Amino acid sequence: MTTHYTYATGTDDEAFLDGNALAGTLAEIFTADLTACGCRCGACGVVEPLARALVYLHCPGAIARCPHCTAVVLRITTTPSGRWLDLGEGAALCLPIPEG
């Protein structure tokens, strides 16, 4: 059975990058390259590499959206208390920022 995928498209006033834009920030936190890892959308259930996500950087932090339904799959924000990873559906991690 063949599954046909559709990809969300933005308008001219929606400036987004692909998930590779998160590589540097994620490399500061994790040792593996997470942009190649599968990311399951909590809204539509499609699994795609994080590199295919639609990433918006012109906001507080970075927001990654599903390339199929545009639901938020990851938010990364740095605050004075640490770097917050919002994994969707209310799950979040706050990781301390290394001194240096």
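Here is how the numbers come out for the structure above:
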item: Cys44-Leu17 FRET efficiency (beta carbon distance; Förster radius 22 Å; 0.05 resolution); result: 0.60
item: Net lengthening on full extension, Asp33/Ile97 (0.36 nm per residue, minus Cα-Cα); result: 21.2 nm
item: Total formal charge among the other residues, if their Cβ is under 10 angstrom from that of Cys41, Lys/Arg +1 and Asp/Glu -1; result: +1
item: Label-to-label distance, nm, for residues given as Cys69 and Ser81 (7 Å Cα→Cβ offset); result: 3.0
item: Average accessible area per residue (Å²) across the range 31-86 - probe 1.4 Å, nucleic acids and ligands excluded; result: 52
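The values are calculated or read from the model by the stated rules, or taken from the named source; none is laboratory data. From a predicted model like this one, the values you see are computed outputs, not experimental measurements. Virtual Cβ from ideal backbone geometry, glycine too; neighbours counted across all protein chains shown. Calculation scope for accessible area: heavy atoms of the full protein, side chains included, ligands and nucleic acids excluded. Shrake-Rupley method; radii C 1.70, N 1.55, O 1.52, S 1.80 Å.
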